[in-house]
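The values are calculated or read from the model by the stated rules, or taken from the named source; none is laboratory data. Just so it is clear, the model here is predicted, and its values are computed rather than measured. Because the Cβ atoms are built from the backbone with ideal geometry, glycine has one as well, and the counts that use them run over all protein chains shown.
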Amino acid sequence: MVDETADFAALIRELKDRSGLSYGVLAKRLHMSTSTLHRYCNGDAVPTEYAPVERFARLCKATPDELVEAHRRWILADGARQRERKAATTTATATSATATAPEVATAAATTPTPETDLPAPSHEPAVPVTAPTPRNRRRTALFAAAAVAVVLAATALVPRLVSGDGGGSDRKQEAGSVTSTGRGTPSSSASAKSSRSPSASASPSGSVSPSGSATAKSRASASPGAKAGGAADVGAAAVPLTVTTRPYAWESPCSQTYLVDRDAAKVPPPPTEQDAPGWVSALGAVSADSQYLELTVQGTGQETVVLQTLNVRVVGSGAPLAWNAYAMGYIGVGCGGGVPTHSFGIGLDAVRPVATPKAGQTGLPYKVSESDPEVLYITAAAASHDVRWYLELGWSSGDRKGVLRIDDQGKPFRTSGMSGRPQYGYSLDDSEWVPHQAD
């Protein structure tokens with residue numbers, strides 16, 4: 001067991017023991033098998049997603065600081081698990097190649113060679129050759145003429161292939177002297193080819209796309225060369241950090257409401273938190289009143305990356321959506337929650353929205369690396385507008401710097417006010433949505 005996995009297992013064991021709940025009770029409430037929960041607590045396995053870890057920690061009454069620490073340790077344990085898997089794949093490939101080598105050697109040993117496997121000369125008298133007939137002579141002449149034509153055609157083609165119709169050598173020379181003006185440094189012929197590809201070209205801003213369980217690499221904005229008196233902007237390939245975005249995280253089930261353009265009878269029951277992205281996508285739902293984002297920022301190497309700024313960009317604002325509002329959670333079921341560290345609030349109704357640290361929280365700058373990630377929590381509120389927006393995270397590392405765009409799979413986030421809209425809560429007794437005004 002690697003250290004990261006052992007640290008993660010130790011923390012969830014501590015939470016479980018302190019809660020006083022049995023494995024069976026916890027497993028039932030988490031909708032997983034008891035044996036699976038045992039494996040997580042013993043360090044024999046690591047959950048592929050963070051959602052069950054968060055539900056487990058909340059069931060065990062973890063404090064906000066413990067929730068952050070659980071997330072941090074899960075990130076490190078998950079990274080270690082992926083590295084082990086890659087190492088096992090590499091070892092299996094090398095073993096397969098080693099096992100194949102003797103077969104190749106055996107095959108080479110049995111291949112005929114001119115010196116050893118030519119048939120021995122025969123001492124029997126040669127069979128007399130019959131003189132060719134006129135018909136056979138004509139056929140032989142035709143075959144010979146065809147062979148000569150093929151040889152001449154191949155001979156004529158070789159110079160064209162070498163010279164590329166006279167333009168290939170010029171084009172090769174031109175490619176070898178290309179300078180990547182977007183970086184301000186000359187490139188070799190190999191890097192010049194890559195600089196012409198779409199993936200290596202500079203773009204105004206990158207996009208951090210969330211994935212259900214996978215970490216999406218961010219892209220950086222790049223400007224030509226180095227700015228005077230400042231650090232050089234870098235391209236996507238050189239960005240030293242990644243951001244995993246959960247755009248439909250819940251601070252608590254009772255805190256999250258979605259606007260849906262459907263009657264209550266046509267809306268399925270509220271999902272669990274990990275199923276919220278699919279539920280939102282299927283219904284075309286929009287976060288109502290506020291949207292809670294969870295951003296996990298981690299370096300890709302040992303060097304320290306400083307998170308300098310977090311700016312809000314609004315790309316569209318209009319009247320609130322005239323849809324029905326559906327609260328997550330269930331009527332009569334209590335909800336917990338707290339304010340974790342590194343939390344920011346955004347008032348989207350403002351003319352120029354700003355990400356402001358919540359009361360008692362420390363703001364930017366923060367430092368991250370591969371072994372020291374940070375989790376940022378964003379609460380974006382909108383009461384009187386339907387707002388489309390995204391974030392820009394400014395970073396620096398040594399003499400490099402850049403800006404990461406953080407959005408919802410390439411699209412802006414969307415948050416709408418719901419004042420005056422019909423509100424519904426889900427009743428477990430009636431198994432349906434019923435009119436309900438949140439407390």
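Out of GLY402, GLY410, GLY394, which single residue is closer than 18 Å to LYS367 by Cβ and either surrounded by fewer than 23 Cβ atoms within 10 Å (Cβ to Cβ) or free of Cβ contacts under 8 Å to residues at least 24 places away in the same chain (or both)?
So the residue among GLY402, GLY410, GLY394 that is closer than 18 Å to LYS367 by Cβ and either surrounded by fewer than 23 Cβ atoms within 10 Å (Cβ to Cβ) or free of Cβ contacts under 8 Å to residues at least 24 places away in the same chain (or both) is GLY394.
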Self-check item: Pairs with Cβ under 9 Å, 6+ apart, first in the range 41-63 and charged (D, E, K, R), second buried (at least 19 other Cβ atoms within 10 Å of the Cβ) and not in a helix (DSSP H, G or I)
Solution: GLU54/ALA62; GLU54/ALA249
Quiz prompt | Elements of type helices (runs of 4 or more DSSP H) contained in the range 18-75, each with 1 or more residues being outside the structural domain of VAL243 (by TED's automatic domain parsing) and closer than 27 Å to GLN298 by Cα | solution = 34-42, 51-59
Quiz prompt | Selected residue [in contact with a helix residue (DSSP H, G or I) (Cβ under 6 Å, 6 or more places away or on another chain) and within 21 Å of ALA381 (Cα to Cα)] from VAL312, VAL280, VAL286, VAL260 | solution = VAL260
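On the given criteria, is GLU294 among the acidic types (Asp, Glu) and either at pLDDT 95 or above or out of contact with any Leu (no Cβ under 9 Å at 6 or more places or on another chain) (or both)? Break it down into steps so the answer makes sense when it comes.
Details: among the acidic types (Asp, Glu): yes; either at pLDDT 95 or above or out of contact with any Leu (no Cβ under 9 Å at 6 or more places or on another chain) (or both): no.
Taking the combined requirement at face value, the residue does not satisfy it.
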Quiz item: When the range 298-311 is examined, which residues are found to be of a type outside the set (Asp, Glu) and over 23 Å from GLY347 (Cα atoms)?
Solution: GLN298, GLY299, THR300, GLY301, GLN302, THR304, VAL305, VAL306
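Listed here are the residues, each with its yes/no results for (1) farther than 26 Å from CYS254 by Cα; (2) surrounded by fewer than 17 Cβ atoms within 10 Å (Cβ to Cβ).
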site	(1), (2)
VAL2	yes, yes
LEU11	yes, no
GLU14	yes, yes
SER19	no, yes
ALA27	no, no
THR34	yes, yes
Quiz item: Considering the range 55-74 alone, what residues qualify as being buried (at least 21 other Cβ atoms within 10 Å of the Cβ) and out of contact with any helix residue (DSSP H, G or I) (no Cβ under 7 Å at 6 or more places or on another chain)?
Solution: none
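Can we say THR309 is in the same structural domain as LEU404 (by TED's automatic domain parsing), over 21 Å from ARG421 (Cα atoms) and within 21 Å of the chain's Cα centre (by Cα)?
So THR309 fails the test.
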